[in-house]
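As structure tokens, the structure follows; a few thoughts come after it.
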Amino acid sequence: MTEAAPGRVARLLGFVRRWGLRLPPVVRDLLLPALLLLHILTTGAPPRELLVGVALTAGLALPLLWRRRAPRAVFGAVAAAAFVQWLMDVQLPADVALLVALYTVAASSGRRATLVAGAVAEGGALLACLRWTTEGAFLAPFVAVTATVVAAAVLGVNVRTTRAYLAALEERAARLEQQQDQQARLAVTEERTRITREMHDIVTHNLSVMVALTDAAVYAQHRSPDKATTAMLRISETGRQALTDMRRSLGILRTDEPDGERHPLPGIAQLAALAGQMCAAGLPTRVEVEGGHTHLPATAQLTVYRLVQEALTNTLKHTPAGTRARVRIRCSTETVTVDVTDTGPCPPRPGAAPSGHGIPGMRERSAAYGGTLRSGPLPGGGWGVHTRLFLDSGGTASA
């Protein structure tokens, strides 16, 4: 029976604590003054002593109702009431209110306020022990009361430290969430830019080729029906290629899209087919590749392909018949140099205007590898596009 008693007491205290936490703060603050006043009313003291006890208990306990709003002012009021009680030489259980007020100051104020409040409470403990302890029994009660004062102050400081730590964690979590949201928005913006650039390159190139082939078919339909048929077949093939390229680019965004696996992204090896397509559209194109390119990353090869594709598309759209184009790719372990030249007229072309998506998109692709794109007329006539991609992504555009 004796061994089971501590367990029952612990369970009872746990139940009381959980029940108390469910109550509103105002109700919890009201419980202690109500209990102290109820205790003094049930002592059965004479009327005069009862009146004094009730007045002093009210002065000690009732200010605790405002301890969360003004902890230091409440501590001052409770300390003043305790001093009046000491002057009147009245001992009351309500002295515990001074410890509660000290705890509140330590839990909500800084170190200086806590030290001042603790010193005041310790002074009160000293005065109380000097007046109310029996002769020869001063030390033990004073040590016990001092330990109680220190415990109340330390408990309040620990609560304040814990609150500050939790607040710092919440602020850090909110800041990390905000940073994640910003990174997600940046990623979405970058992805939209990438898709826009890819769609521009695919649609502009293939439509330009289809328009050129359509003009050729219309021109040859009466004089050479066979050539017109061949041109129409190439138009159909170009359209299907455009659809495949679009599915390939959009398939990167979808895990259930099989075209990205069946049709790998184009690279330097596909430049020969691109040149053949341009030749069929009326722009004789020659491709020269120096150095091995099999070691190049797929993304770098795609960048080279798109740069060449856009440059040839601009040449096809903005140069007269008879223009020739030359593509020269020089590959090394660290860089890839891209030169696209043609024999067209030298004045500025509409396709090179900054307001379009072509040249800005080419500059963005080049800048992603540390390169700087140059586009303009050549000294000996014609137009040229030049850039150098740095595969280590740490070089500078010195090309």
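For S236 and Q182, calculate 0.36 nm times their separation in residues minus their Cα-Cα distance, and state this gained length in nm to one decimal.
Full-extension gain reported as 15.1 nm.
Using the Cα centre of segment 23-179 as origin and beta-carbon charges of +1 (Lys, Arg) and -1 (Asp, Glu), tell me which of T114, L87, A128 is placed farthest towards the positive end of the dipole.
Positive-most Cα among the choices belongs to T114.
Show me the ranking of peptides 227-235, 143-151 by mean Cβ neighbours inside 10 Å, starting with the highest.
227-235, 143-151
Could you go through segment 153-163 in sequence order and give the Karplus-derived ³J(HN,Hα) for each residue, using 6.51 cos²θ - 1.76 cosθ + 1.60 with θ = phi - 60°, rounded to whole Hz, and x for Gly and Pro?
Each residue of segment 153-163 in turn: 5, 5, 4, x, 5, 5, 5, 5, 5, 5, 4 Hz.
Considering amide H positions built from the backbone, and no H for Pro or chain starts, which residues 5 or more places from R324, or on another chain, come under 5 Å of its amide H?
T343, G344
Given Cα positions, please report Rg to Rh for segment 77-211, the hydrodynamic radius being the Kirkwood one.
Taking Rh as the inverse mean 1/r over Cα pairs, Rg/Rh reads 1.63.
Using amide H atoms built 1.01 Å from N in the peptide plane, name the residues 5+ places from V287, or on other chains, whose amide H lies under 5 Å from its own.
Those qualifying (amide H under 5 Å, at least 5 residues apart or on another chain) are V327.
How much net charge surrounds S109 when only other residues with a Cβ under 9 Å from its Cβ are counted (Lys, Arg +1; Asp, Glu -1)?
Its environment carries a net charge of +4.
Using the crude model of +1 on Lys and Arg Cβ and -1 on Asp and Glu Cβ, and no other charge, please compute the dipole size for segment 23-179 relative to its Cα centre, in debye to 20.
520 debye
Across segment 278-286, in residue order, what do the Karplus-derived ³J(HN,Hα) couplings come to in whole Hz, using 6.51 cos²θ - 1.76 cosθ + 1.60 with θ = phi - 60° and x for Gly and Pro?
For segment 278-286, the Karplus curve yields 5, 4, 5, 7, x, 10, x, 10, 10 Hz.
Determine ³J(HN,Hα), in whole Hz, for all residues of segment 170-186 in sequence, where each value follows from phi through the Karplus function 6.51 cos²θ - 1.76 cosθ + 1.60 and θ = phi - 60°; x replaces Gly and Pro.
5, 5, 5, 4, 5, 5, 5, 5, 5, 5, 5, 4, 5, 5, 5, 5, 5
Using per-residue counts of other Cβ atoms within 10 Å, averaged over each peptide, order 46-54, 119-127, 76-84 from highest down.
Top to bottom by mean Cβ count within 10 Å: 76-84, 119-127, 46-54.
Collect residues whose amide H, placed 1.01 Å from N in the peptide plane, falls under 5 Å from the amide H of T372; neighbours closer than 5 in sequence don't count.
HN-HN under 5 Å from T372: R388, A399.
Taken together, the values in this text are just the output of simple stated rules run on the coordinates, not laboratory data. These numbers were taken from a predicted model, which means no experiment stands behind them. Methodologically, a virtual Cβ is constructed for each residue, glycine included, from the backbone with ideal geometry; neighbour enumeration extends over all protein chains shown.
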